[in-house]
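Here's the structure we're looking at; comments come further down.
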Amino acid sequence: MANGWAGDGAVQEQIDSTVEDGIRRARSQLREGEGLMHCEECGEAIPAARRAAVKGVRLCLRCQQEQDRAEARFSGYNRRGSKDSQLR
């Protein structure tokens, strides 16, 4: 069946590629090793419970929330290239 310019399975390839990119990005943000006693951004003490719960923690909860909000603004790359996504 003719799909125009896209080959057979092109949509699934785009989905797979988007999922793989998301997994790669998430894995790159994982920390390892010993966490810090004080936040590297503001210098506030990081509670022992947070250090025990989050491996390799480097930020206090407040700074981590700020960083998470900033990263949430990054919406990723829309591989479908719809006009709506290009207008953002």
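The values are calculated or read from the model by the stated rules, or taken from the named source; none is laboratory data. Remember, predicted model here, so these are calculated numbers, not experimental data. Methodologically, a virtual Cβ is constructed for each residue, glycine included, from the backbone with ideal geometry; neighbour enumeration extends over all protein chains shown.
Out of the residues in segment 68-88 meeting the condition of being outside any loop (DSSP other than H, G, I, E, B) and exposed (fewer than 12 other Cβ atoms within 10 Å of the Cβ), tell me which one is modelled with the lowest pLDDT. Write out each step before concluding.
First, the residues of segment 68-88 that are outside any loop (DSSP other than H, G, I, E, B): 68-72, 83-86.
From what's left, exposed (fewer than 12 other Cβ atoms within 10 Å of the Cβ): 68-72, 83-84, 86.
Working: Asp68: 88, Arg69: 90, Ala70: 87, Glu71: 80, Ala72: 78, Lys83: 53, Asp84: 53, Gln86: 49.
Step by step, filter segment 68-88, then rank; the result is Gln86.
Residues that are of a type in the set (Lys, Arg), surrounded by 11 or more Cβ atoms within 10 Å (Cβ to Cβ) and modelled with pLDDT of 85 or more within segment 1-42 comprise just one, Arg25.
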